[in-house]
Amino acid sequence: MRRSPRDSAESARKIGRRGLLLGAVQAGAVAVLALRMRSMQLAHADEYRLLSEGNSIKIRLLPPARGLIHDRNGYLLAGNESNYRVTITRQDAGDVAEVLARLRRLIALSDAEADTILAEIRRRSPITPFTIAERISWEEFSRIAVNAPALPGVTPEVGLSRVYPRGGDLAHVLGYVGPVSDFDLGRIEDPDPLLRIPRFQIGKVGIEAKMEQALRGQAGSRRVEVNSAGREMRELSRQEGDPGDALQLTIDYRLQNYVQARLGEESASAVIIDVTNGDVMAIASAPTFDPNLFVRGISSATYRGLNENDHRPLADKTVQGLYPPGSTYKMVTALAALEAGVIDPKETIRCPGYVEVGGRKFHCWRPAGHGNMNLQQSLEQSCDVYYYDLSQRVGIDKISDMARRLGLGQRHDLPMSAVAEGLAPTQAWKKRRYGRDWVIGDTLNATIGQGYVLTSPLQLAVMTARIASGRAVEPRLIRSRNGVEVPAPPAPALEIDPAFLVAIRAGMDAVVNAPRGTANGSRVVAAEMRMAGKTGTSQVRNISAAEREGGVTANDDLPWRQRDHALFVAFAPVEAPKYAVALVVEHGGGGSAVAAPLARDMLLFALYGKLPPLSAYPESQRTRIQNQRDQMILVDPDEAPPTASTRA
Amino acid sequence: MSLLDYGLRSPPTGIRKVLYINWPLVVLLSAIACVGFLMLYSVAGGRIEVWAEPQMKRFGAGMAGMFVIAMVPIWLWRNLSALAYGFALLLLIAVDLFGDVGMGAQRWLELGPLRLQPSEVMKIALVMALAAYYDWLDIRRTSRLIWVAIPAVLILVPTALVLAQPDLGTALMLVMGGGLVMFAAGVSLWYFGTLAALGVAAVAAVLQSRGTSWQLLRDYQYRRVDVFLDPASDPLGAGYNITQAQIALGSGGWAGRGFMQGTQSRLNFLPEKHTDFIFTTLAEEFGFVGGISLLTLYALVLAFCIHSALSNKDRYASLLTLGIGATFFLYFAVNMGMVMGLLPVVGVPLPLVSYGGTAMMILLMAFGLVQSAHVHRPR
């Protein structure tokens, strides 16, 4: 071994004794710890549990102010207002009925309300505060605060609540907020403790929902000392949260207000976008509703009224509504044919009023026929037979490919709820979907925007903007976030021969400005403001996704419901396009008679930035336009500022 | 003794040593560390990457270090004891001169990617040095004044350096850890009696010096003492930690509130919830059952150390094992005593459970020494 025999027996014995002693000390200490644990966790657990539940120092979360939303000119679209409310805690109140009676001398409460509240309080836990009244006035709030000594258990509280100062004008764009529901908690994987705050509001639909993370902000916290009854005695420390991001939309509120007012109570929708950069200037669905109703708690009767209305005010038709585009689709077919080289713009096709394909007759809308048509004339007079012929030459797949390049049949990434994809059908799609082969009749239907083709007003607006600008513009809704511009790189040029686009634009010009154009009645006479467009009248009702699942085959098989949808797409000015509009009036009748005049008014308002001078309209129409204006109520955001209580 | 020991005259050599490692101890240490991972996962609100994952990596590294150290013969470590002590002393001086200031104290030394707390190293180096000293010292001289003075200096020099940081908790740990080794080595009980008397006098002096020009401790250290004596005196300031910790612990009850259900820690009532106060979360979420289980694991580690030390005929190995066991004991006893309100708040982590790099790795390496002593015991 390596060592001297110094490790004698004596040493070992000594270490053994001291080691044992050390072990005993350690064992004793462990026993003390165990006993202490037992005493705290078993003998006195209840006391500590009580202390923990009624912990005299409580952390209260401070809900952050939700991010404000403005329009492109800085008008407030969604703000926050102080919400004064009064709560009662039964345990502290003692005689609830007596306290309530005293409270009723200070704030307005009907007998029925008081009875309901009394019954409700008795049912609830005695220690949780119960909200007696919300949105009480500042005067009522201060009256209660002053009389606090006479009102045991009653607490006046102040919180922030979302408010939409523009009411229904942007209901579908902004959506609305509501208290977090159990459904929300189950659906979203979001550990943010803010969501656990009772009555905390989160976005339910629209931008409020899609931009929830940005708008919500970060919670602050404060440490308060509370008494055993849970009433706050004093605030110990406070850390403010970060308010949510402020958003600026591309929407021009004045225009939006005008468009909404112009659509009125029709079941209709309109989208106006800037063809140069895709900014959505206005996007309105009618009829609309007041989103503030949802924030404040909508009554079931009102909700039922909205939900059962056959004009579907709750639906956002601009992005969710899918319609057969009707003749507005003819630009797509024409561009596909031009690109495939199967037609020359000057070439004429004779329209006898119908064409027979595969043993079936396909009619032109004009039974007598149009005679010889070239490309420009075919658009101008919306000849169906010309396009029946074209479609057979070019085939459905090329048409649908062109549709997608123009922005149809694809989901545009806007922060709105349930943005629909639409449909630009192909042979492979039908085979996959229905297990049946594509037939030539399908092509003929599709080519005039019927049959399987489905588009949303947003997509039609994008299509028009792309045709007008020659660029693959993408729509966008958020202009800046916390004052920082959202970058909008210039859209790449469409990979379409500019000469073809010029031919199409000439055709759309003719639709409005040529004497035989289908929308000639809606022409603009002001120089440099002239409009080009295309009418559409689609002969089927709005096909829901469910119906498509069920297997709608051809237009003829569909049940006929009331009147046609009226569509119109347009851009202006013709010489240097600035804005594009797409408009759909459900069951409105003909596109030229119903949709075109509305679209003209909206485009002119966008171009002038205000109501256009009457001189922009053809002379014969000015009196009628004036009359119609007299009946319309518009909001001037400069004269009607949002309520004073609205704040950041 | 396992079956393999039968008939062996000398310690095992080569790879066969692995078979002589005390595997139950490895399992115990791993079990304790797993409790730590679980609690770190819980206090991070169910996220593993915040604390649990780095802790696991360090545990892996520490375990590797433990095995390497265990394979090296214990007599080599004995010969390196003085060197280790000197190295640790240099580190302590370095940290006083160049160390990082964290939480009002200079404790950390940045060595490349490593963030080292030299006082942790010193705890083990001191035990090694004292064990080597008593191994060398003629046993009859153990209680002579001059031969007691030498180890006292060995203890007090690093203690003074640690106090200068200032880190009262670690300084006390060094004194007590060193004292326990001297006790085990057989130093006369008279010395300990005298020391205890002097200690009482020193405490009196420290308390007396408060507010005078020769004040011995920092203000925050006095406040901790006040708070220990009466936590209710300042429930929101200095007493806040201890009050909240006790509420968390006590409210756990028999079986606790359940994993990840502790309201005290979840709602951020608890300070330092991932380091010094992690035991409160365990006690709140797993209750008495959980707390006692962890305490039992710790007690079993101690029992192993004492058994191994007493059955080892090598004096250095015995003293080292006892000393490391005692240091380990001081860690968890002081930490638990603190959160249970039995001791004043001093910054001592819960060994192998609290989040913290150096403490865990050094402790595992120390157990490597214990294993080496066990593997290479004379037979």
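Other chains near B:247-259: what is the mean number of their Cβ atoms within 10 Å of each residue's Cβ?
Across the residues of B:247-259, the mean count of other-chain Cβ atoms within 10 Å is 6.
Roughly how crowded by other chains is peptide B:297-305, in terms of the mean Cβ count from those chains within 10 Å of each of its Cβ atoms?
Counting Cβ atoms of other protein chains within 10 Å of each residue's Cβ and averaging gives 3.
Which residues in the range A:147-185 have a backbone N closer than 14 Å to a point placed 7 Å from the Cα of A:D95 along the Cα-to-Cβ line?
Residues passing the 14 Å test: A:150-152.
Summarise the partner chain shielding of A:24-30 as one whole number: the mean count of Cβ atoms from other chains within 10 Å of each residue's Cβ.
Other-chain Cβ atoms within 10 Å of each residue's Cβ, averaged: 6.
Counting pairs of alpha carbon atoms under 8 Å apart in space and at least six apart in sequence, what relative contact order in percent does the range A:253-617 give?
After rounding, I find 21 percent.
How high is the relative contact order of the range B:12-375, in percent, counting Cα pairs under 8 Å that sit 6 or more residues apart?
28
At 222 nm, what value in deg cm²/dmol follows for chain A if DSSP H runs of at least 4 each add -39500 (n - 2.57) and the sum is divided by all its residues, to the nearest 500?
Rounded to the nearest 500, the figure is -10500 deg cm²/dmol.
Would you grab the residues whose amide H sits under 5 Å from the one on A:A133? Only those 5+ places off in sequence or on another chain, please, with H modelled 1.01 Å from N.
Hits under the 5 Å cutoff: A:V86.
What list of ³J(HN,Hα) couplings, whole Hz, do you get for the range A:210-222 from phi and the Karplus terms 6.51, -1.76, 1.60, once you set θ to phi - 60° and write x for glycine and proline?
Taking θ as phi minus 60°, the curve returns 5, 9, 3, 4, 6, 6, 5, x, 9, 5, x, 8, 9 Hz for the range A:210-222.
List, in order, the whole-Hz ³J(HN,Hα) value for each residue of the range A:598-605 obtained from phi through the Karplus relation with A = 6.51, B = -1.76, C = 1.60 and θ = phi - 60°; use x for Gly and Pro.
After applying 6.51 cos²θ - 1.76 cosθ + 1.60, I find 5, 4, 4, 4, 5, 4, 5, 4 Hz.
Straight-line reach from A:K330: which lysines have Cα under 24 Å away, leaving out those fewer than 8 places along the same chain?
A:K317, A:K346, A:K361, A:K398, A:K430, A:K534, A:K578
Which of the peptides A:592-605, B:300-313 is most tightly packed, and how do the rest follow, going by the mean number of other Cβ atoms within 10 Å of each residue?
Ranking, from highest mean packing down: A:592-605, B:300-313.
Classify the range A:344-397: rounded, prolate or oblate, from the alpha-carbon gyration tensor (a ≥ b ≥ c, eigenvalue square roots; a/c under 1.5 rounded; otherwise prolate if a/b is larger than b/c)?
oblate
Per 0.36 nm of contour for each residue apart, how much would the distance between B:A82 and B:R210 grow if the chain were fully extended, relative to their Cα-Cα spacing?
Roughly 42.3 nm would be gained on extension.
Counting alpha carbon pairs within less than 8 Å and at least 6 residues apart, what relative contact order, in whole percent, applies to chain A?
Relative contact order for chain A comes out at 14 percent.
Local charge sum around A:V524 (other residues, Cβ-Cβ under 14 Å, Lys/Arg +1, Asp/Glu -1)?
That sum, taken over residues with Cβ under 14 Å, equals 0.
From Cα coordinates alone, what are the radius of gyration and Dmax values for the protein assembly as shown in angstrom?
41.8, 132
Ordered by residue, what ³J(HN,Hα) values in Hz, to whole numbers, does the range A:250-259 give under the Karplus form 6.51 cos²θ - 1.76 cosθ + 1.60, where θ = phi - 60° and Gly and Pro are x?
Karplus-based 3J(HN,Hα) across the range A:250-259 equals 7, 4, 9, 4, 4, 5, 4, 4, 5, 4 Hz.
Please list the non-local residues whose amide H lies under 5 Å from the amide H of B:R47, H modeled 1.01 Å from N, same-chain partners needing a gap of 5 or more.
Close amide H contacts, sequence-distant or interchain: none at all.
How do B:62-72, A:388-398, A:253-263 rank on mean C-beta neighbours within 10 Å, highest first?
Highest mean packing first, the order is A:253-263, A:388-398, B:62-72.
When you count, for each residue, the other Cβ atoms within 10 Å and take the mean per peptide, how do A:624-632, B:84-92 rank with the highest first?
By packing density, highest mean first, the sequence is B:84-92, A:624-632.
Name the residues whose placed amide hydrogens come within less than 5 Å of the amide hydrogen of A:I202, ignoring near sequence neighbours (fewer than 5 apart) on the same chain.
A:G178, A:V180
All of the numbers you see were taken from the coordinates with simple rules; none came from a lab. What you see is a predicted model, and the numbers here were worked out from it, not measured in a lab. Heads up, the Cβs are rebuilt from the backbone with ideal geometry, glycines too, and the neighbour counts pull from every protein chain shown.
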